[in-house]
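Please read the structure below before turning to the comments.
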Amino acid sequence: MTATAPRFGAARVLWLILATAALLGSVLSGTASAHAALTGSNPKDGAVVATAPKDVTLTFSEQVAMGDDAIRVLEPSGKRADTGELRDLCAGAVVKYGVDLHSGLPEGTYTVAWRAVSADSHPISGAFTFSIGAPSKTTVALPKEEAGGGVVGVLYGIARYVSYGGFVLLVGGAAFVLACWPRGAAVRPLQRLVVRGWAALTAATLALLLLRAPYTGADFGLGSLGAVLETKTGAALVSRLLLLGAAALFVAVLFGAYTRREDEGEKKDLTFGLAIGGTVVAAGIAGTWALSEHASAGLQPLVAMPVDILHLLAMAAWLGGLAALLVALYREPSVEGSAVRRFSRVAFGSVVVLAATGVYQSWRQVGSWSALTGTAYGRLLLLKVALVAVLVAVAWLSRRWTRRMAETAVAAAPEDAAGDAGAGGDSEAGDTDAGGGAAVPVTVPDDPERAAQLARQRTVLAAARAKRARDADPERAGLRRSVLAEAGVAVVLLAVTTVLTTTEPGRTVEEAGAAQTSAPAAVPDRPLDLTLPFDTGGVNGKGTLRLTLDPGRSGRNAMHVYVDGPDGRPLDVPELKVAYTLESKQIGPLPVLPERVAAGHWSSTAVQVPMPGEWKLQVTVRTSDIDQTTIDKNVKIG
């Protein structure tokens, strides 16, 4: 290690890594999905209906919040086709919303644009089209950017990461002082670490509150801010700010009255009070995430929310304590080995809690082995598990360095005792020299300016001696390097965790896919083309019918029927009729009377198919006054 490395370490290295990971988190958050999914609509995406529907309805996989103009239906010209009044059609487990349409809508292609906020606070949006009568050109452009995207989405993602980082430093740093190193309450670098964590969490919470309205697609303003405060997420953010006020009082006592207590009994009582109060405040802050995000929606929310709080507290105790230990090792080399060993025990307990709560959360959010590898959430979860494994491996190295420090301290204790006995006490005549030799008398000059200069030089020499002593300890240097490596992995882990909270859970993805699979299968958007042999039983009664239905989906279609004889040449027949029936809905038979266009060619340009489904076509062909036959064929029409 070079002479300047320790100076650059500590807080500068830590904040540099935090800033890098924040950028990583913001980039990754742009690829995240939301947590509710559109599972159905009426009319369906791409459907062609014969007559204008009375309304448009949307069905979602879980509870969503929808406000004014959440569903907009636009005519081909771009004019609003809906009344703008949202109707809540939810019933039981079915989450459905709709909007009424104006009467007398013209034929053409209509665009439906919608936006909502899922139960775990993340915005979702989308758009699709349907046609009345027949598809047409439209001047409406589908939105390219989903809700929660763009610059606002990036800023919101950064604020989310900073809030998690601030929570980790505030809670973990304070826990490190109380549980592992009480003397650290008077160490300025540790004080700055905890206070900066509080400031980062407070600033990020305010930013999230201000950005919430534009993040969900609403306009920025006081009115939108008022609407945000009425939502679950807004209430959680305001509660977090109130709890941060209590946290500020806790920090003031920890770094004020607590450091000034000299009586052991009083200090023990104050430690107990701070531990209880700090745990309550920390659990309350963690609860603001649990009450408004993943844990509050989906399966077993009453169990998931307390588990999520424990998960967050364990994460803060481990990663925040790691940051505090890193600062102490770089900026306060006198940190005792006993403090490092106590943190090692705290970290081990935190890892056990993280593993137990993480297994439950993974089961709850992933749901199946296929979702673990087949969804974005599952793959991110595997990445998080891999990072935790790396972090535990590096922590094991840190524990080895800690044991070596303890062994060195035990071996050096007898030598120190002998040295103290031979020294006969501290020298009051002067300071030791930079090489650690005998005391050197110090003469204080009469000139105050010169005296101040000498005092500064002695301070620099003392710092240099402390630095050499620190760098000469290989165990402590090895521990610093391993803890720094742990911190680097930890901040990346925190970034992945932030992205994971904004990604649609694997269980939701699979449930939405199952709901879409159970719906009637969509028929490819292409003309229907059939070849049907026939035999009326009379002279020239054999041949082949070729029937096409274009575009081959619900709504208006053009039908052409070609009649060929056994030789493949057009066969002129006196009569041809077509009927179609949707037996599952008891619709039909609906007759079609095509017109003769030419020898062997019949057509109709006004075949109306009311809805998609499996239709039974009946084609009747007559080749003479008494010879005719009817051919039945089941076909799917989209």
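Quick look at the numbers
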read-out	value
Which numbered condition T548 fails, given (1) in contact (Cβ under 8 Å) with a residue 40 or more places away in the chain; (2) surrounded by fewer than 17 Cβ atoms within 10 Å (Cβ to Cβ)	(1)
Residue that is most open to solvent (accessible area, probe 1.4 Å), among those in the stretch 115-142 that are over 25 Å from A235 (Cβ atoms), assigned to a strand (DSSP E or B) and in contact (Cβ under 8 Å) with a residue 40 or more places away in the chain	T129
Within the stretch 250-302, tally of residues that are touching a residue at least 60 places away in the same chain (Cβ under 8 Å), of a type in the set (F, W, Y) and farther than 20 Å from G166 by Cα	1
Selection count where residues are modelled with pLDDT of 75 or more and touching a His at 6+ places or on another chain (Cβ under 7 Å), scope the stretch 359-368	1
Filter result for L38 (surrounded by 18 or more Cβ atoms within 10 Å (Cβ to Cβ) and under 22 Å from the mean Cα position of the chain (by Cα))	yes
Residues within the stretch 283-296 that are farther than 10 Å from T233 by Cβ, open to solvent by 10 Å² or more (accessible area, probe 1.4 Å) and among the aliphatic types (A, V, I, L, M), tallied	1
Verdict on V561 being outside any loop (DSSP other than H, G, I, E, B), touching a residue at least 60 places away in the same chain (Cβ under 8 Å), open to solvent by less than 40 Å² (accessible area, probe 1.4 Å) and closer than 28 Å to G133 by Cα	no
Test: residue in the stretch 115-132 that is closer than 24 Å to A558 by Cα, within 34 Å of the chain's Cα centre (by Cα) and not acidic (D, E)	yes
Failed criterion for V492 (all others in (1) under 30 Å from F167 (Cβ atoms); (2) among the hydrophobic types (A, V, I, L, M, F, W, C); (3) modelled with pLDDT under 75 hold)	(3)
Test: residue in the stretch 232-241 that is under 22 Å from A159 (Cβ atoms), open to solvent by less than 50 Å² (accessible area, probe 1.4 Å) and touching an Asp or Glu at 6+ places or on another chain (Cβ under 9 Å)	yes
Qualifying helices (runs of 4 or more DSSP H) (wholly inside the stretch 293-392; at least 1 residues being over 27 Å from V194 (Cβ atoms))	301-315, 337-366, 369-374
Some residue of the stretch 349-356 being of a type in the set (S, T, Y) and modelled with pLDDT of 85 or more	yes
Positions within the stretch 608-638 being assigned to a strand (DSSP E or B), modelled with pLDDT under 85 and open to solvent by less than 30 Å² (accessible area, probe 1.4 Å), in sequence order	V609, G613, I637
Sole residue being among the charged types (D, E, K, R) and within 16 Å of L532 (Cβ to Cβ), chosen from K577, K585	K577
Members of the stretch 152-208 that are among the β-branched types (V, I, T) and either surrounded by fewer than 24 Cβ atoms within 10 Å (Cβ to Cβ) or under 30 Å from the mean Cα position of the chain (by Cα) (or both)	V152, V154, I158, V162, V168, V171, V187, V194, V195, T202, T205
Residues that are in a strand (DSSP E or B) and surrounded by 17 or more Cβ atoms within 10 Å (Cβ to Cβ), drawn from the stretch 582-600	L582, V592
Some residue of the stretch 81-94 being touching a Pro at 6+ places or on another chain (Cβ under 7 Å) and closer than 27 Å to G552 by Cβ	no
Scope the stretch 246-288; condition within 27 Å of A304 (Cβ to Cβ) and of a type in the set (V, I, T); matching residues	I276, T279, V280, V281, I285, T288
Qualifying residues in the stretch 64-82 (those that are out of contact with any Phe, Trp or Tyr (no Cβ under 9 Å at 6 or more places or on another chain), free of Cβ contacts under 8 Å to residues at least 60 places away in the same chain and open to solvent by 60 Å² or more (accessible area, probe 1.4 Å)) - the one nearest to S41 (Cα to Cα)	D69
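The values are calculated or read from the model by the stated rules, or taken from the named source; none is laboratory data. As the structure is a computational prediction, the values presented were derived from the model and not from experiment. All Cβ positions, even for glycine, are placed from backbone atoms using ideal geometry, and neighbour counts span all protein chains on display. When the accessible area is computed, the model is the full protein with side chains, heavy atoms only, and any ligands, DNA or RNA have been set aside. Shrake-Rupley method; radii C 1.70, N 1.55, O 1.52, S 1.80 Å.
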